[in-house]
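What follows is one structure encoded as structure tokens, with my remarks underneath.
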Amino acid sequence: MPRTRLAWRLFGGWCALVVAFVVASHWMASVELARLAEAAQVRRMLDAGQAVAEGVPDNAGMEPETLAATAREIGRVSRVAVELLDANGRMIASGEAAGFGGTAAAQGDAATIDVQALSEARAGRSATTGRYDATSGRRTVAVTVPAIRDGKTTLIVRLTADTSESDAELAAGQRRLLLGSIVSGMAALAAGWILARRVSRPVEELAESAARVADGEVGRALPMSDVTEVSVLASAIDTLRGQLVERGLTIGRQGTQQEAVLGSMMEGVLAVDARTRIVSINRAAADLLDLDAGAVLGRPLQEVVRNADLRQFALQAIDCGEPVEDDLVLRAVRDRTIRVRGTALRDKSGEGGAVIVLEDITDIRHLENVRRDFVANVSHELKTPVASIKGFVETLLEGRVDAPEDRRRFLEIIARQSDRLGSIIEDLLALSRIEQSEGSGEVPIERVEVASLIASVVSECRPRADERSIAIEVECPPALFAEVNAPLLEQALINLVDNALKYSEPRRTVWLSAAAGAEGAVEFVVRDEGSGIAAEHLPRLFERFYRVDKGRSRRLGGTGLGLSIVKHIVLAHGGTVAVESTPRVGSTFRVVLPSAAATPR
Ligand code: ADP
């Protein structure tokens, strides 16, 4: 529908009204003017005709010439053609006004008077007739007035006037009337325009303000008006503006809260629309998928995510009425296992989409694997000595071993395997204790002198060193103190030195040193010239039951738990342990314990 401005609409209506009024009133005035003018002329002519009729007593007493002269005189004075006719309508005399175009009839001519007028005159009544000559374009008016003597019409006076002069005057009058109408019409239009503007301006201002409010410019006050309807409208819009502001603030607050919640979530949250375009993505999801959260909004998932499984999952989540769940692997420098849960979105518009929650379960999976491996490893480690003990005990019980030296050898093997079982169980218990105190953060610490701690480690390891003719070199500043759990740290250092002794050839040297590190930290280093460890084993060296050479470890009475215990003791102190090793050259284990103040417990 075409739209027009209020002012134009009001003005248009006003224009139509004014024009119609002016035209109608002008037309009526013109017609009335013409009627009045003609009536006045007829009146004048009738009066003149009456005067003539009364002034001429009868045609019997006057000579036709005298009558003609009288008629001419009357015609000259009253600017009409005068004809005097007898009662039968025959011309007696005629006189013509100057400039009158008609031709006067001669005496005795047949009457030019029409029948109606003649009969009226005979009946003693005046009559008026009009005639229009199409060839000359002239209009004439004629009046017939009877002269009555003794109740009888004796003479008929006929006055004929050319109306062109009075018509011209009438036209001039009408022109003036038209001019007046136009001027007053224009004045009415101008007044109408001013009024229309006055009425429409407050509405226009209000409309502009409402449009600004709709554009979000809610701070500006709305214009007030003294027109009741406009004022009611303004206050209604003002109320709406208030509600809009309040609603905007609420939505903003909700948005911020939602953003904060999504942003602080560990899980990634990804929302897509029905065409898998990303509608929302939180930081965790962007990090997991290696995306720039700001740059991917509004883009289709297939454009930005390289993982086909995730794209497929998103489609499934959009289509499925029920929540769906799956585990996917995201290939990257380090593969990550992601658990994805998708729920379809159904909004009122029927647009749809899905929300996908991504949870990185790589570590959980890893822990599950570690636990599974651990149980398998423990079972395996225990199975071998138990089987060995069982076998030898059964053999002895069957009494098939007669030689006392064989019996002794068997019993020695049984004792060794029992010791082994004992060490494994002891190590496992130690590990579990350390893990427990590590988890609860309840490792009791005390200030100890590092030199005396190292001395007790060395005295503990001395028998094995002597047994293998290996020298232990110690280096420790005298006044070095550390806040540690002495028995645990001693255990860790014993494990490291014991390994160094186990995996070194006889007559080599093992170094054990301690030094003050940066920011109050204490650094312990255990170095040997032993077999060394190939680089591929180093990342898994501290895992439980991980051994480079299983046979050798077992032969040497190792349980595969020593370094794992070291790692957990160091972690319980908030420290780090690292290894550098070169096969056939030697290994260096480095333990760094931060100062107690800096250790989070
Ligand atoms: P184990 O009881 O077998 O010694 P650990 O956890 O103490 O178990 O050590 C794990 C593995 O690391 C050992 O089996 C051994 O192969 C290797 N290893 C540990 N310390 C050294 C070292 N100083 N020199 C060479 N290899 C070592």
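The values are calculated or read from the model by the stated rules, or taken from the named source; none is laboratory data. Since the model is a prediction, treat every value here as computed from it, not as a measurement. Backbone-built Cβ (ideal geometry, glycine too); neighbour counts: all protein chains shown. In case anyone asks, the SASA skips ligands and DNA or RNA and just uses the protein heavy atoms, side chains included. Shrake-Rupley method; radii C 1.70, N 1.55, O 1.52, S 1.80 Å.
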**Report entry** From Ile434, Ile414, residue being open to solvent by less than 40 Å² (accessible area, probe 1.4 Å), under 60 Å from the mean Cα position of the chain (by Cα) and of a type in the set (A, V, I, L, M)
**Finding:** Ile434
Requested in this report: Filter region 545-575 down to residues that are open to solvent by less than 10 Å² (accessible area, probe 1.4 Å), outside any loop (DSSP other than H, G, I, E, B) and near the ligand (Cβ under 10 Å from one of its atoms), then give me how many there are.
Outcome: 4
Requested in this report: For Leu170, state whether it is in contact (Cβ under 8 Å) with a residue 60 or more places away in the chain, of a type outside the set (Asp, Glu) and open to solvent by 90 Å² or more (accessible area, probe 1.4 Å).
Outcome: no
Query - Filter result (surrounded by 13 or more Cβ atoms within 10 Å (Cβ to Cβ), touching a residue at least 12 places away in the same chain (Cβ under 8 Å) and farther than 24 Å from Ile361 by Cα) within region 230-268 - result: Val230, Leu233, Ala234, Ile237, Asp238, Leu240, Arg241, Leu244, Val245
Report task. Determine if region 466-475 includes at least one residue that is within 12 Å of the ligand (Cβ to nearest atom) and in a loop (DSSP other than H, G, I, E, B). Result -> yes
**Report entry** Only listed residue being away from the ligand (no atom under 12 Å from the Cβ) and either in a strand (DSSP E or B) or not hydroxyl-bearing (Ser, Thr, Tyr) (or both), chosen from Ala482, Ala500, Ala492
**Finding:** Ala482
Query raised in the report: Is there a residue in region 210-220 that is in contact (Cβ under 8 Å) with a residue 24 or more places away in the chain and part of a helix (DSSP H, G or I)?
Result: yes
**Report entry** The lone exception for Ala535 - which of (1) more than 28 Å from Gln436 (Cβ to Cβ); (2) more than 9 Å from the ligand (Cβ to nearest atom); (3) of a type in the set (Gly, Ala, Ser); (4) in contact with a Phe, Trp or Tyr (Cβ under 6 Å, 6 or more places away or on another chain) it fails
**Finding:** (4)
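Considering only residues that are of a type in the set (Asp, Glu) and within 22 Å of Asp363 (Cβ to Cβ), look in region 269-304 and name the one that is least open to solvent (accessible area, probe 1.4 Å).
Asp287
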Report summary line: Of the listed residues (Ala578, Ala515, Ala521), the one being exposed (fewer than 15 other Cβ atoms within 10 Å of the Cβ), within 60 Å of the chain's Cα centre (by Cα) and of a type in the set (A, V, I, L, M) is Ala578
